[in-house]
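Engineer: Just dropping this structure here.
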Amino acid sequence: MKYILFILIFCIKLSYGQEKNTKSILLAFKPEFSLYSIIPNSFGDNYLSKANKPNIGLGINFDCIELKHFHVGIGYEYINYSVTDITRAGNINNTQYSTFHGLLGYQIKFSNNFNLQPYLGMGSVKLKFKSGDRNFGHQDGTNFRIGFNTNYKLTQSIFAFAGVSYVSSKYDINTNSEFVSFYDNSKTIQLNIGVKIN
């Protein structure tokens, strides 16, 4: 979490301290805002995959630093899961997945209107367990992601994009050793579709 706060503070300071002659600057403040829908597919022998059904999620990214073709930013994602197996989930109806992460991307330009952006990311993740208005606790953890987006220019400042990412999460858990491997991780392939504004 500390490195994510560092990135955010650095972005803010850079935005106030940038020079007018950007041609001579390797490191520049270049904000890009992305809003996208997430179609998740959890898999493997774990709690999210075996006891839950995903709904369409929402993601937000803010890229703020550009170094040549590299982009550094932060992101937030939220996905609500409906419980399908109460024998494994207990007395809850929904599992809420949220993550706040840092991102490092690289832009590969194919034409003036089309580019590819592979990326890596790491951050914090939280699972909240709910049934109606009642909360049944949460699990914290960390996650790692790798993926790419294909961006198509619609106007001078708006891009449409679609992409795929693999997200692996590891959760802190305190339970019997025989159940740890089922509840301490999740793996998801995400299809992301959205718009980017720069």
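The values are calculated or read from the model by the stated rules, or taken from the named source; none is laboratory data. The structure presented is a predicted model; accordingly, all values stated were derived computationally and were not measured. Every residue, glycine among them, receives a Cβ derived from its backbone with ideal geometry; neighbour counts consider all protein chains shown. Ligands, DNA and RNA are stripped out before the accessible areas are found, and what is left, the full protein with its side chains, is counted by its heavy atoms. Shrake-Rupley method; radii C 1.70, N 1.55, O 1.52, S 1.80 Å.
Engineer: Checking Leu116 against (1) open to solvent by 70 Å² or more (accessible area, probe 1.4 Å); (2) modelled with pLDDT of 95 or more; (3) among the hydrophobic types (A, V, I, L, M, F, W, C), only one condition comes out false. Which one?
Structural biologist: (1)
Engineer: Among the listed residues Asp140, Asp85, Asp63, identify the single one that is modelled with pLDDT of 90 or more, open to solvent by 40 Å² or more (accessible area, probe 1.4 Å) and among the charged types (D, E, K, R).
Structural biologist: Criteria check complete, one pass: Asp140.
Engineer: Looking only at residues that are among the polar types (S, T, N, Q) and open to solvent by less than 40 Å² (accessible area, probe 1.4 Å) in segment 97-108, which one is farthest from Glu66 (Cα to Cα)?
Structural biologist: Among those residues, the one meeting the criterion is Ser98.
Engineer: Return the pairs, sorted by first residue and then second, in which the second residue is part of a strand (DSSP E or B) and not charged (D, E, K, R), the first residue lies in segment 143-166 and is under 11 Å from Ile197 (Cα atoms) and open to solvent by 70 Å² or more (accessible area, probe 1.4 Å), the beta carbons are less than 7 Å apart, and the residues are 6+ apart or on different chains.
Structural biologist: Close Cβ pairs (under 7 Å, with a partner that is part of a strand (DSSP E or B) and not charged (D, E, K, R)) amount to Leu154/Ala160.
Engineer: Scan segment 172-190 residue by residue and report those that are farther than 29 Å from Tyr119 by Cβ and open to solvent by less than 80 Å² (accessible area, probe 1.4 Å).
Structural biologist: Result: Thr175, Val180, Phe182.
Engineer: On to the next question. Which residues, taken from segment 67-82, are surrounded by fewer than 21 Cβ atoms within 10 Å (Cβ to Cβ) and not hydrophobic (A, V, I, L, M, F, W, C)?
Structural biologist: Lys68, His69, His71, Tyr76, Tyr78, Asn80, Ser82 - these are the residues of segment 67-82 that are surrounded by fewer than 21 Cβ atoms within 10 Å (Cβ to Cβ) and not hydrophobic (A, V, I, L, M, F, W, C).
Engineer: Tell me yes or no: at least one residue of segment 124-137 is at pLDDT 95 or above, open to solvent by 70 Å² or more (accessible area, probe 1.4 Å) and on the phi < 0 side of the Ramachandran plot.
Structural biologist: Among the residues of segment 124-137, at least one is at pLDDT 95 or above, open to solvent by 70 Å² or more (accessible area, probe 1.4 Å) and on the phi < 0 side of the Ramachandran plot, which makes the answer yes.
Engineer: Then there is this: Take segment 49-62 and flag every residue that is out of contact with any Leu (no Cβ under 7 Å at 6 or more places or on another chain) and either part of a strand (DSSP E or B) or among the charged types (D, E, K, R) (or both).
Structural biologist: The answer is Lys50, Asn52, Lys53, Pro54, Gly57, Leu58, Gly59, Phe62.
Engineer: Can you find a residue in segment 108-115 that is within 15 Å of the chain's Cα centre (by Cα) and not in a loop (DSSP other than H, G, I, E, B)?
Structural biologist: Checked against the condition, which is being within 15 Å of the chain's Cα centre (by Cα) and not in a loop (DSSP other than H, G, I, E, B), segment 108-115 yields no hits at all.
Engineer: Can you tell me how many residues in segment 147-181 are touching a helix residue (DSSP H, G or I) at 6+ places or on another chain (Cβ under 8 Å) and assigned to a strand (DSSP E or B)?
Structural biologist: So the count comes out to 1.
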